[in-house]
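Below is one structure, written out as C-alpha cells; the observations come after it.
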Protein chains: 2
Amino acid sequence: MRINDNFEKLPESYLFSEVARKLAAYKSEHLGADVIRMDIGDVTLPIAPCVIEAMHRAVNDMAGSDTFHGYGPEQGYLSLREAIAVVDYRKRGIDIDADDIFISDGAKCDLGNLGDIYSSDSIVALADPGYPVYVDTTVMSGRAGEMLPDGHWSNIVYLDCNAGNGFKPAVPETHADVIILCSPSNPTGAVMTREELENWVDYALREKALIIFDSAYEAFVRNPELPRSIYEIKDADKVAIEVRSFSKTAGFTGLRCGYTVVPKTLFGADSEGRQVSLHKLWNRRQSTKFNGASYIVQRGAEALYTPEGRESVARHIDYYLENARTIRGCMQQAGYTVFGGDDSPYVWVRGKNGETSWELFRIMLEKYNISSTPGVGFGSQGEGYIRLTGFNSRENTIRAMDRIK
Amino acid sequence: MRINDNFEKLPESYLFSEVARKLAAYKSEHLGADVIRMDIGDVTLPIAPCVIEAMHRAVNDMAGSDTFHGYGPEQGYLSLREAIAVVDYRKRGIDIDADDIFISDGAKCDLGNLGDIYSSDSIVALADPGYPVYVDTTVMSGRAGEMLPDGHWSNIVYLDCNAGNGFKPAVPETHADVIILCSPSNPTGAVMTREELENWVDYALREKALIIFDSAYEAFVRNPELPRSIYEIKDADKVAIEVRSFSKTAGFTGLRCGYTVVPKTLFGADSEGRQVSLHKLWNRRQSTKFNGASYIVQRGAEALYTPEGRESVARHIDYYLENARTIRGCMQQAGYTVFGGDDSPYVWVRGKNGETSWELFRIMLEKYNISSTPGVGFGSQGEGYIRLTGFNSRENTIRAMDRIK
C-alpha cells in the first residue's frame, strides 16, 4: 500500500527523544554522574489525596455489577463537564456551558486530532519557537508544504517570537486560516496580555480564521492582569477553541486527562461558503474516533473541583512556580539573560557568549550535570536559548542551582 | 476558516445514537416499559478482582513521590507489551515481539487513527455489513469519495457479506490498497476460516495491499480450528496490522485499553516506490499525537495476564457465549433464521416475513420490549436483519428470550 508521504518529510527525531538519547549517551560515558533533569516538562509531585481517594472509589465502582461503568459518553461525564464549566469559566465571568466542553485523554491528543476538522489546504500559523507537536502534526497532515533549505516549511506562517517582542507572537501581515497560540508559552514562558489577545481575536474575525488556544499552563498565571482563558476576550467564542490539560496543574501526565472547549457560537465555512458549527464537527469526530477518557481518571479529575482539590492544585502550582523563580533568579545572578519563570513553569535562558542551543545544552550537561532542552528544537527563533523547567523537586532544583552558583 | 468538507457528507446520525434516540422516545411514550437492551455491544460483568486489586495498587503508586508515574512511553509500558507478546502470541506459536505492540486507549481510536499513516487516495475495501466506524472514518478522511443514490460511497470497495457466503467477505476482483477485516465479525458473528484468511493474505501480497485486521472479539473463538489472529497465517506479518481490545474480553469499555500490532516486517511504499516501515510510521504517529494509555489502566490490563486474570477472561467469555447460545437457540426455535452466536457474542437474526431491519427493530421493541440494532445500519447487505448481543446479564437474556417463546 501507499503510505502518507508527509511522514517522510519529518526530520527523523522528535526533540525530546533526541535529548533523551544524548543524555543516555552521556550517562553511559560518565557512570554515576548525578544529572539533574530540567529538560522535559514532566511533573514530580504525586497526585493529591482527594484525587487518589476518588480514584479508589471509582476502581471499586468497577468491581460491582450495580456500580460498574461501561462505555461512557464520548464527550466525557456530564458531572465533570459541569464542574469545569462552573469553576474554570462561569465563576470567572466567562459564559461557557458544560456541553461546550469535551473531555479527552490529554491536550496532546486533542491538539493533534483537531486537524481532522479543518480543510486539508488550510494555512496554519504557528509561533516560533513553539511546542513541536504543532509543526509535526501540520507536516503529517500535508498542510506544511515542503521543507525549505533553512528548515522552515513552505506553507506555514511563522510567528517569530524573540527578545524584541518579548517572545509573544504578533498578528502577521498575511492571511492564515488556523492559528495555534500557546499562553503561557511553552517553551519561553511568555504570557500574552489582554491587548495582545484582543489583537488576535480581531485578526481572526477579520480573516475568518480559527484560533486554537493552548492554555495547558493557564493555572500558572498568578498576575491578575493577565488572561488565563482566551474567552476573557470579547467575541473569542466566535473564533477560538481552547485546549487544556490536568497534566501540569494536578500531575495527570501519567493518568491522562484534559479538555477542549468548542463553543456552540463557533462556525467555519464549507467550500461553498455555508456556515458549519465546529462544535458539531468536533462532536462527530470524537464520537467516531474516540470512546471517552477512562472512567477512573474522569472521577479523579472531578475531585479537583472540590475545595480540597482546588487547594491541591494551588499547592502544586505554588511549588513549581517557586522552583521556576529559584531558577530564574539564580540564572540571572549568574549573568544569563532570562525570560519566563513568572506565571509559568518554564525559564528561557540565553547563553552568555552567543553559544548555540546545543552548545549551551552541552555546557549545562558537562559542566553542571544539568539537562536542559535546546531552544532551537522548538524553532529557529529559539537558537541560542535553552529551556529549563520548574517541574523537578524543590531539592533537586536547589541542588542544580547551587552548581550554577 | 474552511472546514473539512468530508464531514458534511456523513449522514447526520451515528447508528447507535439513532437507536438510543428511538429507545428514549419509546420509553417516554411507554412509561415503565421494561425494555431489555440487546442492542449495543457494551458489557455488563464487573471487572475481575485481580484487575481491581492491580488498579488499587496503581492508584496508590500515584500517591507517593517514589512510586509516582508521570509520562509513560507513548507505546505503552514494556511489561504489558511483553505479557501480550508472550501470552497472546508466542505461546500460541506466533512470532510477535513486545516492540511490535502498541498499547492504546481502545480499538476504536486506533481503527480511526490508522488512517493517518496511509495515503489519502488509498482505495479502502470494507465488509458490508460492518462496524460503522470503518465507513465513517473513511468518509471523514476523504477516501470514500461521494455518496451514490443507493447509499454506497463511490471510492469504497464493498465486500458483500450475505447468507450466500456465510457473511464472510471474499477477495474482490478489483484492486484495493487497504482492507479492513473483522473476525469474529461485528455485526454478523461470522468467523473466518484459515483458508479464507489465507486467500486474503495472498490477495494482499499480490495487490501490495494492507490488511487491518480487527480482532476485538478473538477471545470468543473457542473452535480450535478457527484462527484467532491473522498472524496464524503465513506471511501475514508482511501485510497485516492487527487491532485488539480489552473491552469485551475483560470489561474494559469504561476503563479504555486496547492494543495494535504492527510487525517490523511490514512495509508500505512511498510515491516513488521506496519501501517504508509501517512500524516506524505508526510509532511516529503515536509519539506525536498520543501520550500513552493511563498508567492505572495499563496496570489493570497487565493483571489479565496472570493465571487469575486469564481465568477471569475465560469466565467472562464463557458467560457471554452462553448468553449468545441462549439467544441463538431460542430465536431459531421461534422460527427465525439465525447466524453467529458461536465463537462470537453477536447473533444475527433475519425477520420471518421479509421485514426491513427497522421494521424488525420496531417489532422487537414494541412486541417484546427488546432493543436490537437494525442490521441495515451496518451496511446495505444488513437489510432485513437485526443484531442481538450476548452482553446483557444472564438473567436479562433469559427474561428476554422467555418473551420470545
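The values are calculated or read from the model by the stated rules, or taken from the named source; none is laboratory data. Treat the numbers as computed from the prediction; the structure is a model and nothing was measured. Neighbour counts run over all protein chains shown; Cβ positions are idealised from the backbone, glycine included. Surface accessibility is based on the protein's heavy atoms, side chains included, excluding ligands, DNA and RNA. Shrake-Rupley method; radii C 1.70, N 1.55, O 1.52, S 1.80 Å.
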Using eta = 1.306 mPa s and T = 10 °C, Stokes-Einstein with Kirkwood Rh from Cα pairs puts D for segment A:286-357, in µm² s⁻¹, at 104 µm²/s
Find how many whole Å separate the alpha carbon centroid of segment A:157-216 from the alpha carbon centroid of segment B:164-219.
-> 48 Å
Before anything else, pin down the relative contact order of segment B:303-355: Cα pairs under 8 Å, at least 6 apart, normalised by residue count, whole percent.
-> 26 percent
Could you state how much accessible area is buried at the B-A interface, both sides summed, with a 1.4 Å probe, in Å² to the nearest 100?
-> 6700 Å²
Can you quote the Å³ per residue value for the convex hull of the Cα atoms in segment A:1-120, rounded to an integer?
-> 268 Å³
Within straight cross-link reach of A:Lys238, meaning Cα distance under 20 Å, which lysines are found once same-chain residues fewer than 8 apart are removed?
-> A:Lys208, A:Lys264, A:Lys280
Taking a label point 7 Å from the Cα of A:Asp95 along Cα-to-Cβ, the residues of segment A:173-200 whose backbone nitrogen sits under 19 Å from it are A:198
Give me the percent of Cα-Cα pairs in the protein assembly as shown that sit more than 51 Å apart, rounded to a whole number.
-> 14 percent
11 Å beta-carbon shell around B:Phe378, net charge (K/R +1, D/E -1) | -1
Any residues in segment B:1-17 that have 30 Å² or more less accessible area with all protein chains than in their chain alone, probe 1.4 Å, and which are they?
-> B:Met1, B:Arg2, B:Ile3, B:Asn4, B:Asp5, B:Phe7, B:Glu8, B:Glu12, B:Tyr14
Do any residues of segment A:225-264 lose at least 30 Å² of accessible area when the full set of protein chains is present rather than just their chain alone, and if so which, with a 1.4 Å probe?
-> A:Thr253, A:Gly254, A:Leu255, A:Arg256
List the aspartates and glutamates whose alpha-carbon lies under 14 Å from that of B:Lys289, not counting same-chain residues fewer than 8 positions away?
-> A:Asp105, A:Asp110, A:Asp116, A:Asp136, B:Glu74, B:Asp105, B:Asp110, B:Asp116
Scale the Cα Rg of segment A:51-178 by the rule-of-thumb value 2.2 N^0.38 Å and send over the ratio, two decimals.
-> 1.46
State in Å² the accessible area per residue of chain A; use a 1.4 Å probe, count heavy atoms of protein chains only, and round to the nearest integer.
-> 36 Å²
Could you work out the Kirkwood radius for segment B:317-405, taking every pair of different alpha carbons, averaging 1/r and inverting it, reported in Å?
-> 12.7 Å
Accessible surface of the protein assembly as shown, 1.4 Å probe, proportion on carbon and sulfur as whole % | 48 percent
Hey, quick one: spin label on A:Asp5, modelled 7 Å out along Cα-Cβ, who in segment B:91-129 has an amide N within reach, i.e. under 16 Å?
-> B:117-123
Structure-based [θ]222 nm, the protein assembly as shown - -39500 (n - 2.57) summed over DSSP H runs of at least 4, per residue, nearest 500 = -11000 deg cm²/dmol
Put a dot 7 Å past each Cα toward the Cβ at B:Ala269 and B:His30; how far apart are the dots in nm?
-> 5.7 nm
Total charge dipole magnitude, chain B, about the Cα centre, Cβ charges on Lys, Arg, Asp, Glu only, Debye to nearest 20 | 800 debye
Please work out the FRET efficiency for the pair B:Glu322 and B:Val87, using the Cβ-Cβ distance as r and a Förster radius of 30 Å; give the result to the nearest 0.05.
-> 0.80
For segment A:121-275, report the convex hull volume of the alpha-carbon atoms normalised per residue, in Å³, without decimals.
-> 133 Å³
Here the gain from full extension of B:Ser393 to B:Glu146, 0.36 nm per residue of separation minus their alpha-carbon distance, amounts to 84.8 nm
For segment A:237-337, which GluC sites (Glu not before Pro) are in a loop by DSSP, counting at most 14 other Cβ atoms within 10 Å?
-> A:Glu272
Share of alpha-carbon pairs per 20 Å distance bin for chain A, given as whole % | 27, 58, 15, 0
With the label set 7 Å along Cα→Cβ, B:Ala314 is separated from its counterparts in the other copies, in nm and shortest first, by 5.5
For chain A, what is the relative contact order in percent, using Cα pairs closer than 8 Å and at least 6 residues apart in sequence?
-> 22 percent
Could you pull out the GluC sites (Glu not before Pro) across segment B:98-206 that fall in loop regions by DSSP (anything but H, G, I, E, B) with no more than 16 other Cβ atoms inside 10 Å?
-> B:Glu146, B:Glu173
Considering only the label points, 7 Å along Cα→Cβ from Cα, what distances in nm to one decimal separate B:Glu173 from the same position in each other copy, shortest first?
-> 6.0
Label A:Ser79 and B:Ser120 with points 7 Å out from Cα along Cα→Cβ: what is the distance between them in nm?
-> 4.3 nm
For chain B, share of DSSP beta bridges that run antiparallel, in % to the nearest 5 | 55 percent
With a point put 7 Å past each Cα toward its Cβ, work out how far B:Arg21 is from A:Gln332 in nm, to one decimal.
-> 5.9 nm
